[in-house]
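Reading through the structure tokens given below for one structure.
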Amino acid sequence: MASLNVGNLGEYLREQRRNAQLSLRQLADAAGVSNPYLSQIERGLRKPSAEVLQQVAKALRISAETLYVRAGILDAERDRDDVETRAVVLADPSLNERQKQVLLQIYESFRKENGFGTDADDADDAATAQDRPVDAVLDDVADAVRGGIPDGGASISGRRPRTTGGSDAGPQQTAG
């Protein structure tokens, strides 16, 4: 297998793993990837997805952004805000995994709509949601949020759910 152009990612990962005093197997287990796959990354034979890099960075307790730059996924200056936004969403302990993914889908849809879609190099690693219209993603958000709103809570639009009268106006006053 020919070596891919992933900069010095593999060497850097090996160095960080050794500094953390972890075996390849220990890091693979901590990151939730297979031992052979991690070995191939370290040897420069595989280009990992941003998600795998994030898992490895978390296991090594280093910046995922650093790994993204070394893997050629991220231009250090140009995409910093995008990566930071994603990292904040993914790190939020108050959100479940489905909610995190839906938020990232919305974010990516808006970026694409505004002409800031993903690069061609990592398009195969990007979520398929970025090819969906924003309205479709927002429908997913509504579905995801419905289960998390207590009865009587506000809807996504900020309004209270409709009552049987079909009006958002609230209780009607009666004369008398």
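Of everything in segment 36-53 that's assigned to a helix (DSSP H, G or I) and open to solvent by less than 50 Å² (accessible area, probe 1.4 Å), which residue is modelled with the lowest pLDDT? If you could, list the steps in order and put the result at the bottom.
Step one: filter segment 36-53 for residues assigned to a helix (DSSP H, G or I), giving 36-42, 50-53.
Subsequent filtering for residues that are open to solvent by less than 50 Å² (accessible area, probe 1.4 Å) retains 38-42, 50, 52-53.
Details: L38: 95, S39: 94, Q40: 94, I41: 93, E42: 93, A50: 89, V52: 93, L53: 93.
Out of the qualifying residues, it is A50.
Go over the candidates A91, A87, A71, A57 one by one and state the one that is under 21 Å from A30 (Cα atoms) and over 15 Å from the mean Cα position of the chain (by Cα).
Values: A91 fails: over 15 Å from the mean Cα position of the chain (by Cα); A87 fails: over 15 Å from the mean Cα position of the chain (by Cα); A57 fails: over 15 Å from the mean Cα position of the chain (by Cα).
Testing whether each residue is under 21 Å from A30 (Cα atoms) and over 15 Å from the mean Cα position of the chain (by Cα) leaves just A71.
State which residue is modelled with the lowest pLDDT when the search covers only segment 1-14 and only residues that are surrounded by fewer than 13 Cβ atoms within 10 Å (Cβ to Cβ) and either under 15 Å from A71 (Cβ atoms) or in contact with an Asp or Glu (Cβ under 9 Å, 6 or more places away or on another chain) (or both). First the steps, then the outcome.
Taking segment 1-14 as the starting set, the residues that turn out to be surrounded by fewer than 13 Cβ atoms within 10 Å (Cβ to Cβ) are 1-3, 5, 8.
With the extra rule that they be either under 15 Å from A71 (Cβ atoms) or in contact with an Asp or Glu (Cβ under 9 Å, 6 or more places away or on another chain) (or both), the set shrinks to 3, 5, 8.
Working: S3: 42, N5: 45, N8: 83.
The selected residue is S3.
Given the criterion of a type in the set (V, I, T), closer than 26 Å to F116 by Cα, buried (at least 16 other Cβ atoms within 10 Å of the Cβ) and modelled with pLDDT under 90, identify the matching residue among I62, I73.
On the way: I62 fails: closer than 26 Å to F116 by Cα.
It is I73.
The values are calculated or read from the model by the stated rules, or taken from the named source; none is laboratory data. Model, not experiment: these values are computed from the prediction. As a convention, Cβ positions derive from the backbone with ideal geometry for all residues, glycine included, and neighbour counts pool all protein chains shown. Surface accessibility is based on the protein's heavy atoms, side chains included, excluding ligands, DNA and RNA. Shrake-Rupley method; radii C 1.70, N 1.55, O 1.52, S 1.80 Å.
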